[in-house]
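Student: Structure in structure tokens, see below.
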Amino acid sequence: MTVRIENPIFDKLGMKYPIVEGGMTWAGTGALAAAVSEAGGLGFIGTGYWHGDEVRREVRRAKELTDKPFGVNVMLMSRHIREVFDVILEEGVKVVATGAGDPSPFLDELHAAGVTVMPVVPSLSMAKMMQRKGVDAVVAEGMESGGHIGQMTTMALVPQVVDAVSIPVIAAGGIADGRGVAAAFALGASGVQMGTRFLTALESEVHPNYKAKVLKARDIDTIITGNIVGSRVRVLKNKMAKEYVKREVEEIGKPEPDYETVEKLESGTLRAAVIDGDKNGGAFMAGQVSGMVNDEKPVAEILAEIWAQATDIMGIENTTK
Ligand SMILES: Cc1cc2nc3c(=O)[nH]c(=O)nc-3n(C[C@H](O)[C@H](O)[C@H](O)COP(=O)(O)O)c2cc1C
């Protein structure tokens with residue numbers, strides 16, 4: 001197998017491994033992002049619907065822990081998006097990943113400040129649109145992922161996006177070891193993004209109940225909430241998730257379905273899982289790879305192990321040793 005690993009963005013950022021820790025709201029703290037960047041990957045702080053001051057707090061925590069570049073993942077639908085971008089620019093954050101929308105209204109000012117912008121895309125049309133708007137790379141994310149998801153699987157999405165755009169494509173969703181990384185490169189990706197794998201890292205600050213749930217999970221232990229409501233989220237099965245899906249199905253049978261009330265069932269539940277470890281009421285977002293995440297170890301070990309396995313499979317030199 002001949003695989004070419006070329007990613008000018010990762011080279012510019014001085015990364016040792018072509019591996020990104022995808023932004024995870026509440027779970028992707030400044031400490032976790034810093035650990036990933038410090039170890040040679042690229043860490044992201046997840047910010048969801050946070051205010052600017054919460055984003056600033058985590059950015060400053062990360063800066064205290066590493067001099068290496070790290071990123072901030074922003075939710076474009078957030079009411080606080082303007083103040084979040086102000087913080088990003090004021091704090092000199094080097095990379096921004098975006099979800100749920102079109103980042104182009106902010107592109108000029110981000111690029112003028114030297115910020116690399118890489119939106120997360122769930123489909124080919126979004127990937128092509130993002131390239132037209134002038135972003136630097138795209139993260140093609142399959143529905144195996146934990147958290148908010150689209151319809152496509154990573155295996156089908158990544159090669160189609162690679163064929164359609166000329167900017168770097170980072171594959172996300174369903175990757176947790178060197179075999180997944182090698183597969184992503186075989187599909188033409190020039191980097192990978194993982195989320196679930198980092199939830200149980202030693203530096204991950206999610207509640208011990210969250211870690212335990214991921215460690216215990218089997219392959220079929222995730223469920224998608226919001227299939228009918230229209231906002232699909234992959235979580236580990238628990239009381240909240242089952243109740244949500246049950247309520248969705250009940251609503252669809254009504255003459256005037258009230259999806260808004262159902263959607264509210266999930267409000268605040270990710271925080272309840274990450275911070276409080278609320279086993280019944282929390283949304284334990286995690287991907288289908290939860291079944292193969294079976295240990296808690298330092299980020300540096302996770303990255304080194306994965307890359308050693310990936311380079312071995314691809315038959316390329318592991319220059320990081
Ligand atoms: C707990 C959790 C929270 C997440 N939150 C976000 C988020 O706020 N923004 C985003 O773009 N992606 C989010 N994601 C997706 C990750 O960034 C990443 O793309 C995904 O986890 C990759 O798939 P994997 O879980 O199979 O590794 C989240 C994932 C998890 C597990």
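The values are calculated or read from the model by the stated rules, or taken from the named source; none is laboratory data. For clarity, every value in this text was computed on a predicted model and none was experimentally measured. Cβ: placed from backbone, ideal geometry, glycine included. Neighbour counts: every protein chain shown. Only protein heavy atoms, including side chains, enter the accessible area calculation; ligands, DNA and RNA are left aside. Shrake-Rupley method; radii C 1.70, N 1.55, O 1.52, S 1.80 Å.
Listed here are the residues, each with its yes/no results for (1) within 22 Å of Val289 (Cα to Cα); (2) among the hydroxyl-bearing types (Ser, Thr, Tyr).
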site	(1), (2)
Leu187	yes, no
Lys237	yes, no
Tyr244	no, yes
Glu260	no, no
Lys264	no, no
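Student: Same structure, new question: Within region 11-52, how many residues turn out to be more than 17 Å from the chain's Cα centre (by Cα) and either outside the structural domain of Val117 (by TED's automatic domain parsing) or among the charged types (D, E, K, R) (or both)?
Tutor: Final tally of qualifying residues: 4.
Each row is one residue, and each column tells you yes or no for (1) closer than 18 Å to Trp26 by Cβ; (2) free of Cβ contacts under 8 Å to residues at least 24 places away in the same chain; (3) of a type in the set (Asp, Glu).
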| residue | (1), (2), (3) |
| --- | --- |
| Ala182 | no, no, no |
| Gly188 | no, no, no |
| Gly268 | yes, yes, no |
| Ile275 | yes, no, no |
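Student: Then there's this: From Gly28, Gly46, Gly40, grab the single residue that is touching a residue at least 40 places away in the same chain (Cβ under 8 Å) and out of contact with any Lys or Arg (no Cβ under 7 Å at 6 or more places or on another chain).
Tutor: Gly28
Student: For region 273-296, check the following and say yes or no: at least one residue is closer than 13 Å to Asp177 by Cα, among the β-branched types (Val, Ile, Thr) and surrounded by 15 or more Cβ atoms within 10 Å (Cβ to Cβ).
Tutor: Within region 273-296, one or more residues are closer than 13 Å to Asp177 by Cα, among the β-branched types (Val, Ile, Thr) and surrounded by 15 or more Cβ atoms within 10 Å (Cβ to Cβ).
Student: Between a residue in region 231-249 that is over 13 Å from Leu270 (Cα atoms) and touching a residue at least 40 places away in the same chain (Cβ under 8 Å) and any residue that is crowded, with 19+ Cβ neighbours inside 10 Å and of a type in the set (Val, Ile, Thr), which pairs come within a Cβ distance under 8 Å, given they are 6 or more apart or on different chains?
Tutor: Arg232/Ile149; Arg232/Thr225
Student: Looking at (1) modelled with pLDDT of 95 or more; (2) more than 19 Å from Gly43 (Cα to Cα); (3) within 15 Å of the ligand (Cβ to nearest atom); (4) open to solvent by 20 Å² or more (accessible area, probe 1.4 Å), which one does Ser231 not meet, given that it meets all the others?
Tutor: Failed condition: (1).
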